[in-house]
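All remarks here apply to the structure that follows.
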Amino acid sequence: MAGSLQPLNSDCVTLTRFVLSEQKRAPHATGELTQLFGTVGQKNVQGEEVKKLDILANELFINMLSSSYTVALLISEENETVVEVETEKRGKYIVAFDPLDGSSNIDCLVSIGSIFAIMKKEDNSIPSLKDALKPGNTVVAAGYALYGSATMMVISLGTGVHGFMLDPSIGEFILTDRNLRVPPRGKIYSINEGYTHIWDDAIKEYIQKKKDPKQGKPYNARYVGSMVADVHRTFKYGGIFIYPATKESPNGKLRLLYECIPMAYLMTQAGGLASNGKISILDVQPEELHQRSPIFLGSKEDVEEVLEIIKKHSNKK
Ligand code: FBP
């Protein structure tokens, strides 16, 4: 697509046109969510020094979102506390985001991304931490941008999951994957096996089973180390992405509000599952802004399989 000088196909569905048409399906829509999405769509970061990229990305997110007049409160991985929006610029949405996910991969040019979830502020009280600690089942929209061999935006406004690829020649995101559905079962498992020594027995049993030809055709192992890249592949090819609790990190590593919940919302919208090992990620009640959560996410049958093994082990205890 890059550098294509084809005349613009006026029928192509751009991100803005898509969100506008989706808004028409919501009888009481005010257009504020459309305006917010228009703002999010402009978030491709250009930076000077690579290392500062996640700080730059964070500043851009905060700047663009807080001046969109659609947001009441921001939650960023890069900010210890909630980010308040000036009263006169406040809107009705709360946005939790990871401005640059997979930042440890920036220097080696491996795919990185941005992740966000949008919730609605239900009342007119002054926005505060309590408004930020909302469970995933209150999310009204979520998405991620993947900066890889192409720039991709994958979103859901509650009516399925849709992928848009950036056409740099026109600077527009074009709808390329309408109604993404994750396959019911895959052939790939994705987990950092460098932590095998601190896994609990259930995880060890499950991964061993995926490798053992006596227990079925062995799965392929794929792990990029950028959640956005690993989850995007899981959407496209199916399988399972796992970041479990370990003996050293009893709640795993990934953050509930702006990594686990957005991806769980999207995966569930695409027919997959996302669990913390016990309950759906979307039913976890957040208690802290940057709390971590184990996550098992992907194809329905694959996630159900590992949850069965976890249950078996916890019944043994
Ligand atoms: P950041 O958002 O801080 O970059 O960290 C999250 C992350 O890089 C995820 O993208 C990825 O899935 C995970 O950490 C990799 O962690 P590990 O190196 O422990 O496997």
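Every number in this text was worked out from the coordinates using simple rules, so none of it is lab data. Every value quoted in this text rests on a predicted model; they were computed, and no experiment measured them. Because the Cβ atoms are built from the backbone with ideal geometry, glycine has one as well, and the counts that use them run over all protein chains shown.
Longest segment of the chain with no GluC sites (Glu not before Pro) in a DSSP loop having at most 16 other Cβ atoms within 10 Å? The longest uninterrupted stretch comes out as 123-247. Each residue of the range 280-291 was assigned a 3J(HN,Hα) from its phi angle through the Karplus expression (A = 6.51, B = -1.76, C = 1.60, θ = phi - 60°), giving 4, 3, 6, 9, 6, 8, x, 10, 10, 5, 10, 5 Hz with x at Gly and Pro. Projected label points at Arg181 and Ile309, each 7 Å from Cα along the beta carbon direction, are separated by 2.8 nanometres.
The stretch between Ser125 and Lys278, if pulled fully straight at 0.36 nm per residue, gains 51.7 nm over its current Cα-Cα span. For a straight C-alpha distance cut-off of 20 angstrom, the lysines reachable from Lys211 (same-chain residues fewer than eight places away being disregarded) are Lys187, Lys300, Lys312. Straight-distance candidates among the lysines for linking to Lys92, with alpha-carbon spacing under 24 Å and chain neighbours fewer than 8 residues away dropped: Lys24, Lys43, Lys120, Lys121, Lys130, Lys134. Rounded to 0.05, the FRET efficiency of the His197 and Ala221 pair, given R0 = 22 Å and the Cβ-Cβ distance, is 0.85.
For a test of the definition: using alpha carbon positions, the gyration tensor, and the 1.5 limit on a/c, classify the range 261-314 as rounded, prolate or oblate.
Oblate is the answer for the range 261-314, as a/c is 1.5 or above yet b/c matches or exceeds a/b.
With the helix formula -39500 (n - 2.57) applied to DSSP H stretches of n ≥ 4, the chain reaches a computed 222 nm mean residue ellipticity of -8000 deg cm²/dmol. Once you put a point 7 Å from the Cα of Cys108 and another 7 Å from the Cα of Glu287, both along the Cβ direction, what distance in nm separates them? Result: 3.6 nm between the two label points.
With the simple model of a label 7 Å out from the Cα in the direction of the Cβ, Asn137 to Lys24 spans 3.3 nm. Please label the shape of the chain as rounded, prolate or oblate, based on the square roots a ≥ b ≥ c of the eigenvalues of the alpha-carbon gyration tensor (a/c under 1.5 means rounded; beyond that, a/b larger than b/c means prolate, else oblate). Prolate, since a/c reaches 1.5 and a/b exceeds b/c.
Please state the shape class of the range 15-177: rounded when a/c is under 1.5, otherwise prolate if a/b exceeds b/c and oblate if not, all from the C-alpha gyration tensor. Since a/c reaches 1.5 but b/c is at least a/b, the shape of the range 15-177 is classed as oblate. Scoring 292-299, 68-75, 216-223 by mean Cβ neighbours within 10 Å over their residues and listing the highest first yields 292-299, 68-75, 216-223.
A straight Cα-to-Cα reach below 18 Å connects Lys214 with the aspartates and glutamates Glu205, Asp302, Glu305, residues fewer than 8 places away in its own chain not being considered. Relative to the longest principal axis of the Cα atoms of the chain, the long axis of helix 15-24 lies at roughly 90 degrees.
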